[in-house]
Amino acid sequence: MSKNDIILKAEGLCKSYRMGAADVSVLKGLDLAVKKGEFIAIVGASGSGKSTLLHILGALDRPDKGIVRFEGRDLSRISYSELNRFRNKMVGFVFQFYHLLDELSVLENVFLPTMAGKSILGWLACRRLAKNRARELLSRFGLGQRANHKPFQLSGGERQRTAIARALMNEPRLLLADEPTGNLDSATGNGILEVFEELNRAGQTIVMVTHDERIAQRAGRIITLADGRIA
Ligand SMILES: Nc1ncnc2c1ncn2[C@@H]1O[C@H](COP(=O)(O)OP(=O)(O)OP(=O)(O)O)[C@@H](O)[C@H]1O
Ligand SMILES: [Mg+2]
């Protein structure tokens with residue numbers, strides 16, 4: 001395997017949280033390499049640090065020690081504006097509780113990441129294309145008839161499919177998902193997994209956190225977090 005096959009590499013990640021007088025050490029020198037096109041499930045007990053790790057991998061949080069390299073670049077060494085660009089363009093996030101904006105329509109939620117990364121003029125220049133892409137994504141996920149709904153008018157599975165469409169809007173190199181089926185019944189969760197499997201077959205790299213073994217089995221590789229490292 002050549003070095004170029006690695007999209008994301010974490011080395012020696014340490015993270016602790018200060019709680020009153022004590023430091024709670026969550027990650028203790030964790031190493032992880034993600035290859036392009038992989039579908040990885042991260043499992044581990046509640047409190048083992050799965051969300052903490054995912055946030056660090058997506059540059060939503062920084063480690064106390066250690067480095068994260070994305071396509072070879074050390075994320076702790078890039079400027080603030082580059083980091084914003086990275087978050088907006090290189091990674092897509094899907095969360096357990098969707099985090100959709102109820103004031104916006106489903107369509108607006110989906111194209112928001114594109115709008116957020118542009119100046120007003122930049123947005124005016126690309127908004128037709130962006131809206132078309134958002135509509136395409138919604139149709140692909142069976143939500144073509146829901147574009148003008150508000151998120152609160154959708155079922156849980158529909159909300160999560162909207163959130164996946166939003167995460168894919170800017171064609172991220174890496175899709176990160178934290179318990180994407182955690183709030184759904186098993187049939188609906190299965191539907192979400194099918195979406196992930198199809199995306200992965202088309203080449204999308206995915207790192208998903210779950211504490212459901214059956215869900216994890218569907219990924220190409222399962223890694224277990226225990227005692228602050230990969231077990
Ligand atoms: N902002 C914070 N401040 C203090 N402690 C925190 C903070 N965030 C997380 N922790 C602690 O770090 C540990 C790991 O939390 P994390 O959310 O990463 O676990 P998790 O594996 O995702 O758990 P779950 O499966 O319940 O979501 C927990 O003990 C938690 O209490
Ligand atoms: Mg968590």
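Here are some notes:
- Going from the residue with the fewest nearby Cβ atoms within 10 Å to the one with the most, MET90, MET19, MET169, MET115 rank MET19, MET115, MET90, MET169.
- Residue-averaged 222 nm ellipticity for the chain, from DSSP H runs of 4+ at -39500 (n - 2.57), nearest 500: -10500 deg cm²/dmol
- Percentage relative contact order, segment 1-119, counting C-alpha pairs under 8 Å, at least six apart: 25
- Alpha-carbon centroid distance for the pair segment 72-99 / segment 165-202, whole angstrom: 18
- Least to most buried among SER51, SER186 (fewest other Cβ within 10 Å first): SER186, SER51
- Scaled radius of gyration (Cα, divided by 2.2 N^0.38 Å) that segment 1-135 gives: 1.24
- Rounded tilt (10° steps) of 156-168 against the dominant C-alpha axis of the chain: 80
- For the chain, the gyration tensor built on C-alpha atoms gives a prolate shape. Its axis ratio a/c (a ≥ b ≥ c) is at least 1.5, and a/b is the larger of a/b and b/c.
- Mean Cα-pair separation over length for the chain, i.e. relative contact order, pairs under 8 Å, 6 or more apart, %: 31
- Loop-resident sites, segment 37-90, for GluC sites (Glu not before Pro), counting at most 12 other Cβ within 10 Å (DSSP): none
- Degrees separating the helix 186-201 axis from the principal Cα axis of the chain, which is the longest one: 90
Every read-out reported here was derived from the displayed coordinates using simple, explicitly stated rules and does not represent laboratory data. This is a predicted model, so every value here is computed, not measured. When we count neighbours, we look across all protein chains shown, and the Cβ atoms used for this are built from the backbone with ideal geometry, even at glycine.
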